[in-house]
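Shown next, in structure tokens, is the structure this report addresses.
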Amino acid sequence: MKNLLFYLLALSVFSGTVHAQYSMPQPLVGGTSVSLYGMGEYENLGEKIYIGALFLPQLESSIRSGASKRMEMRIVADNLSARRFTQLWMDAITLGSSREERVVQAAQIQNFGGMFRESLIRGDQVSFEYLEFGSKTVVLINQVQIGAIPGIEFFNILLDAWVGDTPHSGQLKAGILGQVEADKSVLIKQKFAGLEYTEERHEHIAGIYGDSDYQRIRDKEDAQTVEPSGKVQDAQISDEAAAAKAARLEEAKKARLAAERIARLEAEKNARLEEERLARLDAEKNARLEEERLAQLEQEQIALLEEETRIALGKAEVARQEEKARQAAEQAEFESEQILLAAEYRTGLIKWLSTYVEYPQRALEKELEGKVELSVSINRSGEVLGKEIVSSSGSALLDQAALKMLERGSPLPTMPESLAGETYTFTMPLNFSL
């Protein structure tokens, strides 16, 4: 902790550029050491949600390289439902990527959208780690792996939501790219360092999702130290302290290599057992097929006419199953496209209605604040068919202001021609904050 405070103070004194690379060793699975590239705050409707940080390999200057990297979020909100967190990211993906990218990655986006099942609280850590070895994106909560998605393309979609041409937060992008004042950057890093989850919280998450043997490689004393990548020297750190730190890092490296070797041997053993199991299954399958073939030949000799009839029926069944599979594939493609269309349309509706929000004068005078969540049903022409307050702010003035916003914004933009259904229902969170 003393080292952390010293380096934060040194940063505020010696930072002379808008953006600088910072050294914060963060071992990933596979042993790739990464450093902090930048971090910023994300807000939604006036509420602080999380602090996001991007980590790249040391000496790596391009965020678009194929090397291992990490996007890390530390939750600032006191309570963030899994549904809202997922919706925020779905909106961010819709805003930050092209339609062609979303169509290609539809299955991966749908898989990602179903991963989060537990509400998040202040201090929780959500990470997206791209692993160069294995080419996959691993999703973790408090170092508990909850899912993995193959390929670098999906990670790039997540990254574009932060620093792409149309990010879901300009403030977050500016922080990550170092386009904020040095003093503000220091404060953000202080907040980030102070957000930590407890061991009990880790165990709780592991119990919800099931710990998937993801190895937490973390040096408790040195991994969270933020320091400039420049040549700022601490004249007060003795050679003995530096040597002790180097020894601790060396011991951590040896422990990591040993753990990796054990994991590799275990993986080789499991692969060998799996190969033997598959060989036994193939032998049993071949024996069964041979028995079936002999039985078939005998049946053909007994009743050739019956066999011909059975074959004809079998061909008809195969054709029916193929047609059924084709129809199922078309339906799945249609449903995937509908999900993407609905997400785009909902984002547009929220943007539309946000322009009609007015803070009641009486609420301002009384310094009233609160959050309202509306459920709205519309027809294809954008006309409101029904509205309901599903979560009240606790203030009748603010609740009525939310309903008046809906009246002022009606009719809403019409439903896209490709979006199925005669009506569309969506929810809209609205935060009244002074």
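Before moving on, here are some points about what is shown:
- Of the set (1) within 16 Å of Ile51 (Cα to Cα); (2) assigned to a helix (DSSP H, G or I), all apply to Ile157 but (1).
- Test for Met115: is it more than 14 Å from Tyr50 (Cα to Cα), of a type in the set (A, V, I, L, M) and touching a residue at least 60 places away in the same chain (Cβ under 8 Å): no
- As a summary of the residue check, Phe116 satisfies the conditions (1) of a type in the set (A, V, I, L, M, F, W, C); (2) at pLDDT 95 or above; (3) assigned to a strand (DSSP E or B) except for the one numbered (3).
Per-residue answers, yes or no, for (1) in the same structural domain as Glu344 (by TED's automatic domain parsing); (2) within 18 Å of Val138 (Cβ to Cβ); (3) in contact (Cβ under 8 Å) with a residue 12 or more places away in the chain:
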residue: Ser62; (1), (2), (3): no, no, no
residue: Gly66; (1), (2), (3): no, yes, yes
residue: Met73; (1), (2), (3): no, yes, yes
residue: Val76; (1), (2), (3): no, no, yes
residue: Asn79; (1), (2), (3): no, no, yes
residue: Arg84; (1), (2), (3): no, no, yes
residue: Gln87; (1), (2), (3): no, no, no
residue: Gly96; (1), (2), (3): no, no, yes
residue: Gln105; (1), (2), (3): no, yes, yes
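- Of the residues making up region 85-107, one or more are among the basic types (Lys, Arg) and either in contact with a helix residue (DSSP H, G or I) (Cβ under 7 Å, 6 or more places away or on another chain) or part of a strand (DSSP E or B) (or both).
- Taking the criterion of being hydroxyl-bearing (Ser, Thr, Tyr) and either buried (at least 17 other Cβ atoms within 10 Å of the Cβ) or at pLDDT 95 or above (or both), the residues of region 332-355 that qualify are Tyr345, Thr347.
- Identity of the residue in region 383-434, in a helix (DSSP H, G or I) and in contact with a Pro (Cβ under 8 Å, 6 or more places away or on another chain), that ends up surrounded by the fewest Cβ atoms within 10 Å (Cβ to Cβ): Gln400
- Scanning region 302-326 for residues that are at pLDDT 90 or above and polar (S, T, N, Q) yields a single hit, Gln321.
- Selection over region 401-433 of residues that are over 29 Å from the mean Cα position of the chain (by Cα), under 30 Å from Lys366 (Cβ atoms) and either assigned by TED's automatic domain parsing to the domain that holds Phe85 or among the small types (Gly, Ala, Ser) (or both) gives a count of 4.
- Once region 39-59 is narrowed to residues that are over 17 Å from the mean Cα position of the chain (by Cα) and touching a residue at least 12 places away in the same chain (Cβ under 8 Å), the residue that is nearest to Gln179 (Cα to Cα) is Leu56.
The values are calculated or read from the model by the stated rules, or taken from the named source; none is laboratory data. Remember, predicted model here, so these are calculated numbers, not experimental data. Cβ atoms come from the backbone with ideal geometry, glycine included; neighbour counts cover every protein chain shown.
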